[in-house]
Every structure is written in structure tokens, then in C-alpha cells.
1. Would you be able to say whether some residue in the stretch 73-80 is more than 18 Å from Ala209 (Cα to Cα) and surrounded by 20 or more Cβ atoms within 10 Å (Cβ to Cβ)?
2. Between residues in the stretch 26-47 that are within 17 Å of Ile153 (Cβ to Cβ) and residues that are among the aromatic types (Phe, Trp, Tyr), which pairs lie under 6 Å by C-beta distance while being six or more apart or on different chains?
3. On the basis of being assigned to a helix (DSSP H, G or I) and modelled with pLDDT under 95, does Ser220 make the cut?
4. Taking the stretch 108-139 only, how many residues are closer than 19 Å to Pro67 by Cα and part of a loop (DSSP other than H, G, I, E, B)?
5. Taking the stretch 93-111, which residues are without any contact (Cβ under 8 Å) to a residue 40 or more places away in the chain and more than 17 Å from Tyr45 (Cα to Cα)?
Amino acid sequence: MNFFRTMLLLAALTALFMAIGFALGRGPGMTIAFIIAAGMNIFAYWNSDRMVLAQQDAQEADEATAPELYAIVRQLAANAQLPMPRVYIINSEQPNAFATGRNPNNAAVAASAGLLRMMSKEEVAGVLGHELAHVKNRDTLTMTIAATVAGAISMLANFGMLFGGRRDDEGGGGFVSTLIAIIVAPMAAGIIQMAISRSREYAADHDGALICQHPLWLASALRKIENAARQIPNEQAEEHPASAPLYIINPLSGAGMDNLFSTHPNTENRIAALEAQAREMGQGAPVGGISASPLSGSDYGQGPWPGGPASSRPSGGPWG
């Protein structure tokens with residue numbers, strides 16, 4: 001099903017590319033656009049994760065530079081029975097995170113510096129458990145290719161708005177190219193929303209809570225991230241709005257046209273689902289804060305978690 005969804009998405013994005021090419025250059029323009037789109041689809045399959053990480057100003061971390069973060073990801077990956085992904089820190093004060101990669105063997109998880117400063121280790125584990133659930137469910141290929149190609153479509157649309165009108169005297173349809181350029185960005189955003197469906201976010205919440213085995217850790221983190229994202233801008237995401245669905249919470253300020261489409265389910269609904277999951281697991285503590293009790297390996301069945309009490313982490317971050 002994921003493979004079919006990915007192919008459908010790529011076909012739709014290719015059609016948009018060809019439509020813009022036709023508007024700009026009629027038949028030859030459409031042919032050129034098709035060749036470009038085909039090459040971009042192949043390139044995006046192999047390289048879109050690197051492009052997204054570079055766009056978001058994510059720097060790779062390792063056990064030496066961020067030992068606590070690396071250890072938490074390693075433990076979560078073991079819990080999920082996944083290969084160890086690459087670990088990145090996003091240079092942003094907005095608390096947020098995303099995962100990328102074409103398959104579990106080529107996956108990467110990225111957490112912002114703000115997330116590591118503002119969240120306890122338990123909350124970070126909840127967030128990264130969600131991201132690893134996307135990896136395990138193989139959502140990351142569709143999400144990353146969608147972000148890369150949709151961003152390219154927006155750039156091509158902007159090109160059409162600037163230069164398409166010059167073909168009016170030649171009967172080339174400058175008005176049509178301008179009109180398509182105006183509507184193509186929200187169309188691309190709509191396609192991304194089809195790829196990044198709300199049910200997949202709910203599934204990643206549920207499965208991520210199983211990976212870290214504490215749904216309320218993620219619930220607490222979601223509430224904090226939602227509140228902070230409204231106040232702290234994410235400059236990288238604002239520059240590349242097609243990347244917004246990759247994040248665990250919408251990183252965009254909401255200014256402009258991005259509000260026409262909802263990239264994520266309602267956060268309160270997500271929290272309610274996680275609270276219900278916690279009750280089913282016999283964990284009835286309210287979401288309002290996470291205790292600083294030691295992270296005991298016996299609670300998880302996969303060996304000890306790193307670090308000790310959450311309160312022992314220095315407040316300065318990022319970790320390491």
C-alpha cells in the first residue's frame with residue numbers, strides 16, 4: 001500500500017510539472033518538463049533525505065558529540081527492532097523533530113536544539129519514538145519525496161509567474177501560465193496532505209508510544225511543542241514550507257497560504273488518543289508534567305535507558 005501511495009504521489013507531481021511546462025512552452029515545454037520530472041523523481045528517491053536535512057540546517061551527531069541523544073535513539077531503535085538510524089540536530093530553537101530516509105536501512109532522525117533544551121529525556125524519547133514509528137511503517141519515503149518534489153514545483157511555479165507572461169504576443173498562453181503558477185502551490189500542498197494523511201500521524205503516535213512504552217511522554221511533549229511552535233519561528237521550515245508535514249508538529253507560523261491546508265491532526269485529539277492508550281496500558285498519570293524518576297531498564301525489557309533522572313540533565317543543551 002505504501003508503494004502504491006508513493007507511485008500515485010509521484011505520478012501526480014509529474015503531471016503538475018508537465019502542466020506547468022505546457023503552460024510555459026506548449027508541447028516542447030511539456031516534453032522538457034517530463035524529462036526534468038522523471039530525472040527529479042529518480043534523484044529524489046536516492047537523495048531527497050540529504051536535501052531535506054540540508055534545507056533544515058541539520059548537522060549530523062554521533063556518540064561523541066551528543067552521547068545522551070545518541071543513546072536514546074539507539075535504545076528506541078533496539079525496542080523497535082530497527083537498524084540504528086543516523087542522528088541529526090536541527091539548528092533551530094523551535095522544539096520539533098522529523099524522520100527521513102527511503103527505508104529503515106537508510107533512515108535518519110533529526111531533533112531540534114530547542115527540543116533538546118526544553119524537553120525532559122522522557123519527552124524526547126516519546127518524540128523520537130514517534131519518528132521511528134514513521135521509519136518502521138515506511139512513511140518516510142513518501143513524506144521526504146513529497147517535500148522535495150513539491151518544493152521544486154513551487155519554484156517552477158514562481159518562475160512561471162515571473163516569465164510566463166512574456167509569451168502573450170506569440171500566442172504562448174502567458175495568462176494561462178500565470179494562472180497555473182498561482183494555483184499550483186496550493187495544489188502541491190494538497191497532494192502532500194494526501195500523502196501525509198492524518199491517520200498516518202495517529203498511527204505513528206500509537207506505535208511510537210509502544211516503542212518508548214509510555215504514551216504520556218509523547219502526549220506531554222506534543223502539548224509543549226504545540227505551544228512553543230506558535231511563539232518560536234522555524235526559519236528553515238518557513239523558507240521551505242513543503243517540508244512542514246515531515247515534522248511531528250506543524251513548524252510554520254501560519255502566515256500566508258499555508259493555513260489553507262492542515263498538515264497535522266489536531267494536537268488535543270492526538271493527546272486524547274495517547275491518554276486513552278496510556279489508560280489501556282495501566283498508566284493513568286495525568287499529562288501536565290513528566291516526573292524525574294530514573295529511567296529503569298526493567299520498565300522496557302530492552303536494557304537500561306541512558307542518563308538517570310531527567311532532572312540531572314543540564315538545562316543548557318543541546319545534549320552532549
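1. Checked against the condition, which is being more than 18 Å from Ala209 (Cα to Cα) and surrounded by 20 or more Cβ atoms within 10 Å (Cβ to Cβ), the stretch 73-80 yields no hits at all.
2. Note: pairs meeting the criteria are Gly29/Phe22; Met30/Phe22; Ala33/Phe17; Ala37/Phe17.
3. No; evaluated as a whole, the condition is false for this residue.
4. 2
5. Correct list: Val109 only.
The values are calculated or read from the model by the stated rules, or taken from the named source; none is laboratory data. Bear in mind the structure is a predicted one, so any value in this text is a computation, not a measurement. Every residue, glycine as well, gets a Cβ built from its backbone with ideal geometry; the counts of neighbours run over all protein chains shown.
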